[in-house]
Amino acid sequence: MPALQVYSTLSRKKEPFPKKPGEQVTMYVCGPTVYKPSHVGHMVGPVVFDAVKRYLVYLGYSVKWLVNITDVDDKLIHRANEAKTTVKELAERMTADYFDCLKKLNVTGIDAFPKATEHIGDMITTIDGLIKKGFAYPAEGDVYFNVSKDDDYGKLCGFDPEALEAGSRIEVSGRKKNPGDFALWKKAKPGEPAWDSPWGQGRPGWHIECTSMAQRHLGDTIDIHGGGLDLRFPHHENELAQSESASGKPFARVWMHNGLLKMGSGKMAGSVGNVLNVADALKHVSGEALRFFILNTHYRSPIDLGEWDPRDPKSPTLPPGLENAKKAHEAFVRLSERFDRVTGKKFHEVAVPGRAEDGRKFLLPEFGEKYTRFREFMDDDFNTGGAVGVLFELITSLNRLADGAKLEDPAKADANGKAAFEEGTTLAKELGQILGLFFELPKADALGDDDKIVGGLMQLVIELRNNLRAEAKKITTKDDPAKKMLFGQTDIIRTRLTELGITLEDRPAGTTWRVG
């Protein structure tokens, strides 16, 4: 198999991954400023890098992954004042919402969530060191990083510091020596959260928070630094500059930036007012289907929800992109259900390999080809979009195999076909789990009371329909009115359920139902 290649924003090219399987990989991904409920865009980074970690672990790496929580910031202060609450209360409530969203989208690989307010001492130490080295200067209670002292400032984005104008995504202040200088420490204002420091009461700037938390927990040089494309400048550029100036060492070996969520011709953003909160999306689509939607695109590309505006009452319930992903994801779920029917085993209890293996042998050559191509896509800069495409091909092949070998009919099922189907479906599960996709419907104990009632009523409807069909089949005269009436009733049941968005599927082993 080819070696893992990863695109780094710093070098602007794909490079061999700097570590070997068996070694530890450290990964830091910028997390949210917790002042509003999480929207779908907030989940792109966590889902992408959760898949990155899963694949690295599959290859044999040990991965330590941190996502920070920014719980003190201008946005938080402003929002807390609007809501007539405290910054602490608002941050804790929105952090809980963020954690709940991660759980529902199967983001399980994050090892720690350091909070900015728990690392103020580390930030003060880092800032003091930058002042002593001549990279920063106090100014009337503020402290600024002097970009003119950093010879390679702008190397992440390729920006010329002298070309940056004050006010262009940069804080304006008459205390600065240069327009591009950025705040490491901010003088306290009345009513704002503040901490004691050598420069007076105040709070940290945004950029220094990530530097101090990353270096405190992962060391001066980390292997992967990730975040959204919109964080390249000023946040990551400034983070890189202050980190390397403080330590004298490279800050990150690989800089990975995920594409942003698009809403038709523009991006989804709270400032625009076109956001889709995760909690609202999950009323209509499963967390796994939402995860599938994100991973169905290469992480460096924009993820398009399609033309949709929640402010327009004529807009559909879900954006077109998410509606399409929901339907596509159902193909994976139906495969797991078919496995249960064909094999008599539980798909979700089947054990699969947890580590990559070169030269694997399969009953059918096409399974080996799919396994190889899946890994080639993932080795090529974690191309989850291509990997998902291979999974679709595998599922199509498995359904074709099940149909051709008549595996749904116990009296006609081909034994060799059944063995191949079981092996191939187990492979599909293995590859799905690398992406954090488990092909699951909600478990019975996780369903709400309403869901359980619907499930029970559907089972009752199916039993009544089956009874009507059985009675009709007892009547041997083809044109008997009673026979036509009974079959007519079963047709009415199917038609009305279809109108409600419920599909019945009749098979030799029995009738099942699904939404859609």
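Spin-label model, T498 to T221: label points 7 Å out along the Cα-to-beta-carbon direction sit 6.5 nm apart. Bridging of K19 to lysines at a Cα separation below 18 Å is possible for K53, K64, K249, once same-chain residues fewer than 8 apart are set aside. Taking each of K75/K115; K149/K176; K20/K133 in turn, the alpha-carbon distance tops 24 angstrom for K20/K133. Straight-distance candidates among the lysines for linking to K483, with alpha-carbon spacing under 16 Å and chain neighbours fewer than 8 residues away dropped: K473, K474. Evaluated over the Cα positions of segment 69-168, the convex hull gives a direction-averaged projected area, one quarter of its surface, of 9.8 nm². Loop-located trypsin sites (Lys or Arg not before Pro) in segment 1-52 (DSSP state not H, G, I, E or B) with no more than 12 neighbouring Cβ atoms inside 10 Å: R12.
Length available on full extension from N467 to K189: 0.36 nm per residue minus the Cα-Cα distance, which gives 92.6 nm. Each of W195, A136, Y61 was placed along the dipole of the chain (beta-carbon charges, centred on the mean Cα), and the one lying farthest toward the positive end is Y61.
Contact order, relative form, for the chain: 15 percent (alpha carbon pairs under 8 Å, 6 or more residues apart, mean separation divided by residue count). In a reduced charge model with +1 at each Lys and Arg Cβ and -1 at each Asp and Glu Cβ, the chain shows a dipole moment near 900 debye about its Cα centre.
Long hydrophobic helices in the chain, taken as whole DSSP H segments with a C-alpha length of 20 Å or more on their own axis and mean Kyte-Doolittle hydropathy at least -0.5: 44-59, 384-404, 415-434, 449-474, 481-499.
Among the trypsin sites (Lys or Arg not before Pro) in segment 331-382, those placed in a DSSP loop whose Cβ has at most 10 other Cβ atoms within 10 Å are K346, R355, K361. When Rg and the Kirkwood radius Rh are both evaluated on Cα atoms of the chain, their ratio Rg/Rh stands at 1.06.
For the set K84/K104; K326/K346; K283/K327, the pairs lying more than 21 angstrom apart at their alpha carbons are K84/K104; K326/K346.
Bear in mind these aren't lab numbers, they're just calculated from the coordinates by the rules spelled out. Keep in mind the model is a prediction, meaning the values are calculated, not measured. Ideal geometry is used to build each Cβ from the backbone, glycine not excepted, and the neighbour counts take in all protein chains shown.
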